[in-house]
1. Just to be sure before I move on: is A132 assigned to a helix (DSSP H, G or I) and in contact with a helix residue (DSSP H, G or I) (Cβ under 8 Å, 6 or more places away or on another chain) in the structure I sent?
2. Suppose we keep only residues that are in contact with a Leu (Cβ under 7 Å, 6 or more places away or on another chain) and closer than 17 Å to R48 by Cα within segment 102-125. Which one would you say is surrounded by the fewest Cβ atoms within 10 Å (Cβ to Cβ)?
3. How do the pairs read when you match residues in segment 48-74 that are in contact (Cβ under 8 Å) with a residue 40 or more places away in the chain and within 24 Å of N208 (Cα to Cα) with residues anywhere that are of a type in the set (A, V, I, L, M) and open to solvent by 50 Å² or more (accessible area, probe 1.4 Å), using Cβ under 7 Å and keeping only pairs 6 or more apart or on different chains?
4. Count, please, the residues in segment 176-212 that happen to be under 22 Å from P140 (Cα atoms) and in a loop (DSSP other than H, G, I, E, B).
Amino acid sequence: MSAALPPTDNAPTENTLTDNTPTESTSAGNASAEAEEAEEHDSGDLARDLLCRIAEDSRLTAAAQRLPASHLRRLLTRCHAENAEALRNIVTAHGWPTAALVGEDASTAALMILLHSDDLGFQLACRDLIAAAVVLGDCPPIHGAYVTDRCAVSMGRPQVYGTRYTPLGRPYPVIDPEGVDDRRRAVGLRTMADEQQALRELRLRRMNRASA
């Protein structure tokens with residue numbers, strides 16, 4: 001029976017094996033750090049996708065306003081549909097994309113994509129998700145106001161905050177018109193009078209650009 005070799009300076013001893021072998025806590029810590037890094041990378045990808053999509057939406061909208069050609073309207077309609085489908089996939093996988101998940105700008109982009117969607121069922125589902133996020137402080141109340149009005153108008157009901165306007169620039173019917181400005185202020189919106197003045201100025205600027 002051969003004798004055991006004594007440990008040398010270069011050979012690992014029992015103590016050095018113990019010191020260098022990952023323990024359960026360090027393995028869990030590494031796994032947690034890797035998961036957080038992957039989540040941050042995923043969130044960054046989501047944010048970039050949302051921002052790119054709403055930028056393309058804005059580009060097509062501006063083009064359609066300058067030149068109301070049928071092919072531009074078709075492109076814009078397709079853009080809205082594709083953006084809504086992409087947002088639906090995000091919501092299914094991650095829930096509503098709040099500022100904590102994708103950043104404030106991308107979360108606002110997600111809201112704009114939702115407002116441009118024609119899928120009322122999807123809008124209603126997201127309205128409830130946004131309302132819950134508002135209660136938790138994960139979404140600004142103004143986001144809840146916009147989607148609440150969008151759903152109300154789509155269902156033929158009076159809107160609550162007066163954020164939806166007809167193609168002629170008039171607000172759709174509002175529930176309790178006397179109290180609408182108080183409700184608007186509570187969620188961070190300006191008064192109806194200030195909003196309508198701002199819309200008139202915006203239309204005038206567009207007309208001037210179109211005639212230039």
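The values are calculated or read from the model by the stated rules, or taken from the named source; none is laboratory data. What you see is a predicted model, and the numbers here were worked out from it, not measured in a lab. In this analysis, Cβ positions are derived from the backbone assuming ideal geometry, glycine residues included, and neighbour counts consider all displayed protein chains. Quick note on the areas: whole protein, heavy atoms, side chains included, nothing else; ligands and nucleic acids left out. Shrake-Rupley method; radii C 1.70, N 1.55, O 1.52, S 1.80 Å.
1. Working: assigned to a helix (DSSP H, G or I): yes; in contact with a helix residue (DSSP H, G or I) (Cβ under 8 Å, 6 or more places away or on another chain): no.
Answer is no for this residue.
2. Checked segment 102-125; the qualifying residue surrounded by the fewest Cβ atoms within 10 Å (Cβ to Cβ) is D105.
3. The qualifying pairs are R66/A210.
4. The total comes to 4.
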